[in-house]
């Protein structure tokens, strides 16, 4: 099959969409398919980086288009970067696609399907929309566009997006809530396929504390480490986290008691980036929360150590974002064999999974005391934490390992109408 992926980031970039796309593209090329990736020359968090315009990586043809390079520092600059990628990627896609090609449009930048749908129709290609999130609803839920003019603009974007859903041979979604949302927006039910994200279980594996060089390097000895890894953005409210850290810090300051001694062993580790991460750092400093540490994204080859370092992981998603975003960081957590605490909706895609499989707990947004109590419960009972972690790794191996994802994708692509075939007329 001739496959053309479109996404703003690709290998060697470390962003989540890049890593997922890289895993899949390399695996499909390894199975003999002709794979092209149209992407940018940018790095996710460093606009000064300029990657080569063309490359052949593990059998994948990479075509990097020119864009502006304002980066993620402000919304206006980011919007300009998006617009320049849309224009350059559309031209590249017009040149690369032909009858029988399968175009897989991801959602970085948002709404790539609107660009890809007319190109697919013009070239006689098959369109697959791979939804990592749902725009423009995310913008609306975050309150980033308000007022009468904004409502009209968002309605127009939604109409264009929905047209592209209806023209696609398949609309890939990450969970049931997202599937329900797109069905409600008019995506043909037969086109909607639930395909959860994954992690590479060969790369990310459980590493025991005694064997974890990164844990030793960062000075975590007899501590109980609670970690957050990845992007902390506007969809991941951090107020509950901050208050729980303060509550446990206040307990640790008490001179006597078993809980005070336990609280003094707890450390909080945040690895990654995003607007919320910087706000969290500033708030922690302002409140003098000395048990909190912040580190940059870790290189891919250290993911086993960085994801295994915490004894307990945090996941956060605002309840009003359910159906629009799925916190895919869970799959790396499960691969590392660690339990998770989800701050969000118990009936959401990840919240319900944690409860159903007994691989973690769910705490309502705003319930800082409940989060503090859950952290203390796991810290008090290492056996419970170990049991949840073992269940998480078993779940991962059964459902969310990379080979399972590749098989699902191969089955999907082979089932598409005229997949990989040149059609006459």
For the range 261-277, what are the residues that are free of Cβ contacts under 8 Å to residues at least 40 places away in the same chain and touching a helix residue (DSSP H, G or I) at 6+ places or on another chain (Cβ under 6 Å)?
-> 264
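Please state which one of 100, 95, 152 is in contact (Cβ under 8 Å) with a residue 60 or more places away in the chain and more than 23 Å from the chain's Cα centre (by Cα). Break it down stepwise before answering.
Details: 95 fails: in contact (Cβ under 8 Å) with a residue 60 or more places away in the chain; 152 fails: in contact (Cβ under 8 Å) with a residue 60 or more places away in the chain.
Among 100, 95, 152, only 100 is in contact (Cβ under 8 Å) with a residue 60 or more places away in the chain and more than 23 Å from the chain's Cα centre (by Cα).
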Report, by residue number, each residue of the range 108-129 that is without any contact (Cβ under 8 Å) to a residue 60 or more places away in the chain and under 21 Å from residue 194 (Cα atoms).
-> 110, 111, 113, 114, 117, 127, 129
If you scan the range 275-301, which residues turn out to be farther than 21 Å from residue 368 by Cβ and either at pLDDT 95 or above or surrounded by 17 or more Cβ atoms within 10 Å (Cβ to Cβ) (or both)?
-> 295, 297, 298
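How many residues does the range 241-258 hold that are touching a helix residue (DSSP H, G or I) at 6+ places or on another chain (Cβ under 6 Å) and more than 14 Å from residue 281 (Cα to Cα)? Please lay out each step first, then the result.
Going residue by residue through the range 241-258, those that are touching a helix residue (DSSP H, G or I) at 6+ places or on another chain (Cβ under 6 Å) are 242-244, 247-248, 251-252, 254.
With more than 14 Å from residue 281 (Cα to Cα) added as a condition, the list becomes 244, 247-248, 251-252, 254.
Residues flagged as touching a helix residue (DSSP H, G or I) at 6+ places or on another chain (Cβ under 6 Å) and more than 14 Å from residue 281 (Cα to Cα) within the range 241-258 amount to 6.
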For residue 254, the lone unmet condition from (1) closer than 20 Å to residue 374 by Cβ; (2) modelled with pLDDT of 90 or more; (3) under 30 Å from the mean Cα position of the chain (by Cα) is (3)
Return a yes/no flag: does the range 327-340 have any residue that is over 19 Å from residue 201 (Cα atoms) and touching a helix residue (DSSP H, G or I) at 6+ places or on another chain (Cβ under 9 Å).
-> no
Within the range 27-59, considering residues that are outside any strand (DSSP E or B) and under 19 Å from the mean Cα position of the chain (by Cα), the one surrounded by the fewest Cβ atoms within 10 Å (Cβ to Cβ) | 45
If residue 188 satisfies every condition in (1) in contact (Cβ under 8 Å) with a residue 12 or more places away in the chain; (2) more than 17 Å from residue 107 (Cβ to Cβ); (3) in the same structural domain as residue 319 (by TED's automatic domain parsing) but one, which is the exception?
-> (3)
Evaluate the range 319-336: report whether one residue or more is free of Cβ contacts under 8 Å to residues at least 60 places away in the same chain, outside any loop (DSSP other than H, G, I, E, B) and crowded, with 23+ Cβ neighbours inside 10 Å.
-> yes
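Looking at residue 310, is it in a loop (DSSP other than H, G, I, E, B), farther than 30 Å from residue 143 by Cβ and at pLDDT 95 or above? Before the answer, list the steps.
Numbers: in a loop (DSSP other than H, G, I, E, B): yes; farther than 30 Å from residue 143 by Cβ: yes; at pLDDT 95 or above: yes.
Yes.
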Checking residue 197 against (1) crowded, with 17+ Cβ neighbours inside 10 Å; (2) more than 20 Å from residue 44 (Cβ to Cβ); (3) at pLDDT 95 or above, the condition it does not meet | (2)
Within the range 353-372, the count of residues that are in a helix (DSSP H, G or I) and either in contact (Cβ under 8 Å) with a residue 24 or more places away in the chain or in contact with a helix residue (DSSP H, G or I) (Cβ under 9 Å, 6 or more places away or on another chain) (or both) comes to 8
Over the range 373-416, the set of residues exposed (fewer than 15 other Cβ atoms within 10 Å of the Cβ) and not in a helix (DSSP H, G or I) is 381
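The values are calculated or read from the model by the stated rules, or taken from the named source; none is laboratory data. Every value quoted in this text rests on a predicted model; they were computed, and no experiment measured them. Virtual Cβ from ideal backbone geometry, glycine too; neighbours counted across all protein chains shown.
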